[in-house]
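Structure first, commentary second.
Each reported figure results from applying straightforward, stated rules to the coordinates on display, with no laboratory input. Treat the numbers as computed from the prediction; the structure is a model and nothing was measured. Positions of Cβ are backbone-derived with ideal geometry, glycine not excepted, and every protein chain shown enters the neighbour counts.
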Ligand code: NAP
C-alpha cells in the first residue's frame, strides 16, 4: 500500500487567504464582516479574535458587537437588524453557541440571506439542496470539500460516508458531496454497524465530536479521510474524531487535527464575505 498523504489544511487555507487579499485589493468596495458575540465564553472569544485578525490581514473591515450573557433575544435581534441595514456590512455572523436559554435557530433566520456568511438561514440551506449556486454555503463543509478536491478532482460515483447530520456541518456536507455525484451515506448516532458502513467509504468524513472514535480498521484502504472533530483531551491537547495514528498507513489521504479542516473554516468565512460584498455591489 502507498503512503498516506497528509492533507495540509493550513497551507490550503493560507493560499486561499492570499488569493482573497489580492482580490480584495482590486475591488472598489471594501468588504465588511460583522460579528455578534453574546456572553463571555472563552473559546468563542478566541474564535472571534481570530476571525477579526484574519479579516484585517485580508483587507476586510470588521464590525464587532458584544452583548452580555443576559442579553434578550430582542436585543440581539436589534443588533442583527442594524447590521442588516448597514450598507458597509456584507456579512453577519452570530457566534455560536449562544448562552442558555437563547435560541440561535430563531435568531439566525433574521439575518438577511445575502449577508448570511455562515450559510445557516433556511434560504441558503434550501438553495444548497436545490443546487442553486447563488446561495452562501456553510464555511466548514465548503472548506472540507476544498480539501477533498485538493487530493481528488473527480468525485463522481465515489461512495462518501459522512458521520454526523448537524445543520452546521453534516447535512450541508452530504449535499455538497451529492452535488459532486458521490453516492452519499449520512451516518449518525442510530446507524447500525457504523464500522462496516465506514469501511465502504471512498471518502470518509467524520463530524461527531468524539475523540478518536474512528479506528484504523473502519477505514477502506486508500480512502480520503476528512476529520472535522475538535476534541480537547486531558492535558489540553486537541485531537479529532479519527485515530490519526491508526488511520495513517490505511487511508490514502487524511487531514490532521489541528491543521486540517479548522483553518479552512475561517478562510471560507472570508471567501463568503468577499462574495457577498461583490454581489451587493452588482
Ligand atoms: P453536533 O451538532 O453535536 O452533531 C454531532 C453528530 O454526530 C450528530 O448528528 C450525532 O447523531 C452524531 N453522533 C453522535 N454520536 C455518534 C455516534 N456514537 N456514532 C455516530 N454518530 C454519532 O456537532 P457538529 O456541530 O456537527 O460538530 C461535530 C464536530 O465537528 C465537533 O467536534 C465540532 O467541534 C467539530 N466542528 C469543527 C469545525 C471546524 O471548524 N473544524 C466546525 C464545526 C464543527 P444524531 O444526529 O443522531 O444525534
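Couple of notes before you dig in:
- On Cα atoms only, tilt of 9-25 relative to the major axis of the chain in degrees: 30
- In a fully extended conformation the segment linking residue 152 and residue 61 would gain 29.3 nm over its present Cα-Cα distance, using 0.36 nm per residue.
- Two-site FRET efficiency, residue 18 against residue 166, from Cβ-Cβ distance with R₀ of 51 Å, rounded to 0.05: 0.95
- Fraction of the pair-distance distribution of the stretch 32-188 above 28 Å, Cα-Cα pairs, percent: 26
- Ellipsoid semi-axes in whole angstrom, largest first, where each is sqrt(5λ) of the Cα gyration tensor of the stretch 151-241: 22, 14, 13
- Cα long-axis angle, helix 73-85 against the chain (0 to 90 degrees, to the nearest 10): 80
- Taking the longest Cα principal axis of the chain as reference, the axis of helix 42-58 is set at about 80 degrees.
- Cα centroid separation - the stretch 213-237 against the stretch 1-77, whole Å: 25
- Where Rh is the Kirkwood radius over Cα pairs, Rg/Rh for the chain: 0.97
- An oblate overall shape is assigned to the stretch 16-68, the ratio a/c of its alpha-carbon gyration tensor axes (a ≥ b ≥ c) being 1.5 or greater and a/b not exceeding b/c.
- Relative packing of 260-269, 182-191, 112-121, which averages over residues the other C-beta atoms within 10 Å, highest first: 260-269, 112-121, 182-191
- Spin-label zone in the stretch 239-282 - amide nitrogen under 18 Å from a point set 7 Å from the Cα of residue 132 along the C-beta vector: 276, 279-280
- Gyration tensor (alpha-carbon) shape descriptor, the stretch 72-130, a/c threshold 1.5: oblate
- Relative to one another, the C-alpha centroids of the stretch 238-282 and the stretch 173-196 are positioned 18 Å apart.
- Site pair residue 199 and residue 69 shows an inter-label distance of 4.6 nm when each label is modelled 7 Å from Cα along Cα→Cβ.
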